[in-house]
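Reading through the C-alpha cells given below for one structure.
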Amino acid sequence: RIDMALLELSTALGMTGNLLTRIEAYDNSNVQGRHAVGAMVVFDRGKPRKDAYRRFKIEQSEGDPNDFAMMHEMLSRRFAHMQAGNPKFSAVPDLILVDGGKGQVSAAVDAMRSYGYDFPVVGLAKQFEQLWLPGADAPIELNRGSAGLFLVQRIRDEVHRFAITYHRNVRGRAANMSLLDEIPGIGPTRRRALLRFYGSLDRLKSASVDEIAKVPGMNAKV
C-alpha cells in the first residue's frame, strides 16, 4: 500500500520514474504571531523517520502573523544549514511538502532557490485537500480515498502535530518565565533551578515555603 501511495503521488506530480524515498514536510504554529515556531518532519519510503525531525524558532518580530514569511524563514534556515555542510541537514529531499497553498509554496521555492537548490515542492491546501505545484494555475486533486491522498494527509497531520506540540512547549515555558520574573529575588539562575526541580509552575505553586527553600540556590526569605 505504501508503494502504491508513493507511485500515485509521483505520477500525479509528473515525477514518473522518480522514487520518492525522502519526503520532507514543513508547517508553522503561532498565536497571533506570538511564540512562532516551525517544524520539519521526514518520511522515508512512506514511514516517519523521527530522528530526522527538526524544530525552528521563528525569529520574525511579533505582530500580525504572516504564514508566508514564516515559511520562507524556516526553509531559508533549512537550506542555509545544508549549504554550510551541517550534517543534520545534509540529506537531499526527493520532495518538499508544505502545509498550505500557492502562497506557502511560492515562499518555500523562493527560499530554496536563494541558496541555489531546486528540489520538487508541493503544497497541500487544507480546505479542499488539493495539491499545489509552483506556478500552477489550478490544483491537482487526488482521488478521494486513494492511497496517495491518504499518505500526504498523514504526513501533513504529523508535521502539524509536531509543530503544535513544540509551540505549546515554547508558550508554556514563556508563561512560566514571565510569572517568575515578576518575583523579587528570582533571576535567571534561580528560575531555571526552580523549573528543573518542580517541572512545572503548578507543582511549584503547591509547594510549601520549606520545600521551596530546599531547592539549590533558594532560601526561606526568597
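Counted as qualifying within the range 80-137 are the strands (runs of 3 or more DSSP E) with 2 or more residues that are within 17 Å of the chain's Cα centre (by Cα) and among the β-branched types (Val, Ile, Thr), namely 95-99, 121-125. When the residues of the range 28-44 are filtered to those that are of a type outside the set (A, V, I, L, M) and at pLDDT 95 or above, which remaining residue is nearest to Phe68 (Cα to Cα)? Filtering the range 28-44 for residues that are of a type outside the set (A, V, I, L, M) and at pLDDT 95 or above, the one nearest to Phe68 (Cα to Cα) comes out as Phe43.
Residues in the range 126-146 that are farther than 26 Å from Ala80 by Cα and buried (at least 19 other Cβ atoms within 10 Å of the Cβ): Leu131, Leu142. Answer yes if at least one residue in the range 56-78 is out of contact with any Lys or Arg (no Cβ under 6 Å at 6 or more places or on another chain), part of a strand (DSSP E or B) and open to solvent by 50 Å² or more (accessible area, probe 1.4 Å), and no otherwise. Checking the range 56-78: at least one residue is out of contact with any Lys or Arg (no Cβ under 6 Å at 6 or more places or on another chain), part of a strand (DSSP E or B) and open to solvent by 50 Å² or more (accessible area, probe 1.4 Å).
If you take the residues in the range 34-50 that are out of contact with any Phe, Trp or Tyr (no Cβ under 8 Å at 6 or more places or on another chain) and not in a strand (DSSP E or B), which one is least open to solvent (accessible area, probe 1.4 Å)? It comes out as Gly46.
Answer with yes or no whether Gly187 is loosely packed, with under 15 Cβ neighbours inside 10 Å, under 32 Å from the mean Cα position of the chain (by Cα) and on the phi > 0 side of the Ramachandran plot. Spelling it out, it is not the case that Gly187 is loosely packed, with under 15 Cβ neighbours inside 10 Å, under 32 Å from the mean Cα position of the chain (by Cα) and on the phi > 0 side of the Ramachandran plot. Confirm whether Ser206 is among the polar types (S, T, N, Q), open to solvent by 70 Å² or more (accessible area, probe 1.4 Å) and modelled with pLDDT of 95 or more. So Ser206 fails the test.
Residues that are of a type in the set (Gly, Ala, Ser), surrounded by fewer than 18 Cβ atoms within 10 Å (Cβ to Cβ) and in contact with a strand residue (DSSP E or B) (Cβ under 7 Å, 6 or more places away or on another chain) within the range 79-124 comprise just one, Ala91.
The values are calculated or read from the model by the stated rules, or taken from the named source; none is laboratory data. Computed from a predicted structure; not experimentally measured. Please note: Cβ atoms are built from the backbone with ideal geometry, for glycine as well, and neighbour counts cover all protein chains shown. What goes into the accessible areas is simple: the full protein's heavy atoms, side chains included, and nothing from ligands, DNA or RNA. Shrake-Rupley method; radii C 1.70, N 1.55, O 1.52, S 1.80 Å.
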